[in-house]
Amino acid sequence: MKQAIEFSHCIHNYLYVGSRRKSHTSYMIVVSEGSALIRLGKQEFLVSKGNGFWIPFDCLHALTVIPGTKFEKVEFSARLTIPVCRNAGFFKVTALDSALLNELRTESQKEDSPEQVQVVTNLLRVVADQATKLKVKTNSLCPSLPNNFDQSLSLLIKGDKVTDKSAISAISNVIGVSTNEFEACITMREALKLSRSGRKLNQIADKLKMPADTISALAKPILGETLA
């Protein structure tokens, strides 16, 4: 990081599959469109539109972003002395948080000038102050879903079929895509991981018990690339 606190507006047109790693910074994400998955240990959490998630420094985690997702991200350098939260989890996005992030997004699109840099710096100081007050929770897989749908969401994230129509409807409304599209993304996540480990298309197809042609057909629109 060049600055002690940095803001970025992230747009993912294709599936993003991050590796499991320890965070070099503390950071928050607030999803404005679509959804993302964050793995902590053996559990994955769904961060949907309007949700915020906090990752502390040195936290082992993995981030997956569903195609069409937009989110704001604020990173805090480990060298900062402010007392930020040391636990990972969802936090409530307040009206002030939303206003600050919207203003940062607007300012970040402007041409750099001393005045613009100062405005961004001032906004980030307020965000940092808010970050010291964060209280996080991991008692739900997704705060936007009733807890009785947690089991169905967990199955979906693992790549298993969900047949409960009420759960399918509720989850679809939250994730921003149909459950079928979400299932395809989870499948392609596994395919991409296998590809990164050196598996060829036919080997990936055998492992996933799917036709190679089907995987190839899904790769370009979801991953934005082909699998060899």
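Any chance you could give the angle, 0 to 90 degrees and rounded to 10, that helix 114-131 forms with the longest Cα principal axis of the chain? Helix 114-131 sits roughly 70 degrees off the main axis of the chain. Using a probe of 1.4 Å, the accessible surface attributed to M210 totals some 50 Å² when neighbouring protein chains are kept in position.
Quick one: angle between helix 95-108 and the longest Cα principal axis of the chain, in degrees between 0 and 90, rounded to 10, please. Between helix and principal axis, roughly 90 degrees. For the chain, the gyration tensor built on C-alpha atoms gives a prolate shape. Its axis ratio a/c (a ≥ b ≥ c) is at least 1.5, and a/b is the larger of a/b and b/c.
Working from Cα positions, state the angle (0 to 90°, nearest 10) between the long axis of helix 179-196 and the longest principal axis of the chain. The two axes meet at around 90 degrees. Ordered by solvent-accessible area of protein heavy atoms (1.4 Å probe), largest first, the residues S172, S144 come out as S144, S172.
Given in Å, the Rg to one decimal and the Dmax to the nearest whole number for the Cα atoms of the stretch 148-224 are 13.6, 40. Karplus-derived 3J(HN,Hα) values for the stretch 162-167, using 6.51 cos²θ - 1.76 cosθ + 1.60 with θ = phi - 60°, are 10, 10, 5, 5, 5, 5 Hz; glycine and proline are entered as x. What whole-number distance in Å separates the alpha-carbon centres of the stretch 76-93 and the stretch 103-152? Each part reduced to its Cα centre gives a spacing of 11 Å.
When Rg and the Kirkwood Rh are both derived from Cα coordinates, the Rg/Rh ratio for the stretch 129-179 amounts to 1.11.
Measuring nothing but protein heavy atoms, the accessible surface of the stretch 103-172 at 1.4 Å probe radius is 49 percent carbon and sulfur.
Note on Q3 and S19: the model spin-label points, each 7 Å out from Cα along the C-beta direction, lie 2.8 nm apart.
Taking trypsin sites (Lys or Arg not before Pro) across the stretch 145-228, the ones in a DSSP loop with at most 11 further Cβ atoms lying within 10 angstrom of their Cβ are K158, K161, K209. The mean of 1/r over all distinct Cα pairs in the stretch 91-162, once inverted, gives the Kirkwood hydrodynamic radius of 15.2 Å. The stretch 49-97 gives an Rg/Rh value of 0.96, both radii derived from C-alpha positions and Rh following Kirkwood.
By its C-alpha gyration tensor, with a ≥ b ≥ c as the square roots of the eigenvalues, how is the stretch 181-228 shaped: rounded for a/c under 1.5, else prolate for a/b larger than b/c, else oblate? Taking the square roots of the gyration eigenvalues as a ≥ b ≥ c, the stretch 181-228 is rounded. A Gaussian network model of the chain, with springs between Cα atoms under 10 Å, assigns the largest mean-square fluctuation among S169, S19, S113 to S113. Annotation for the stretch 43-144: trypsin sites (Lys or Arg not before Pro) lying in DSSP loop with at most 13 further Cβ atoms inside 10 Å of their Cβ are R79, R86, K92, K110, K133, K135. Applied to the stretch 34-51, the Karplus parametrisation 6.51 cos²θ - 1.76 cosθ + 1.60 on θ = phi - 60° returns per-residue 3J(HN,Hα) values of x, 6, 9, 10, 10, 9, 10, x, 9, 10, 10, 10, 9, 9, 9, 3, x, 8 Hz, with x for Gly and Pro. In the context of the full set of protein chains, the stretch 106-164 has a per residue accessible area of 65 Å² (1.4 Å probe).
In the stretch 1-108, the alpha-carbon atoms span a convex hull of 105 Å³ per residue.
The values are calculated or read from the model by the stated rules, or taken from the named source; none is laboratory data. On a predicted model such as this, the values are computed, not experimentally measured, just so you know. Backbone-built Cβ (ideal geometry, glycine too); neighbour counts: all protein chains shown. Just so you know, the surface numbers come from the protein's heavy atoms only, side chains and all, with ligands and any DNA or RNA stripped out. Shrake-Rupley method; radii C 1.70, N 1.55, O 1.52, S 1.80 Å.
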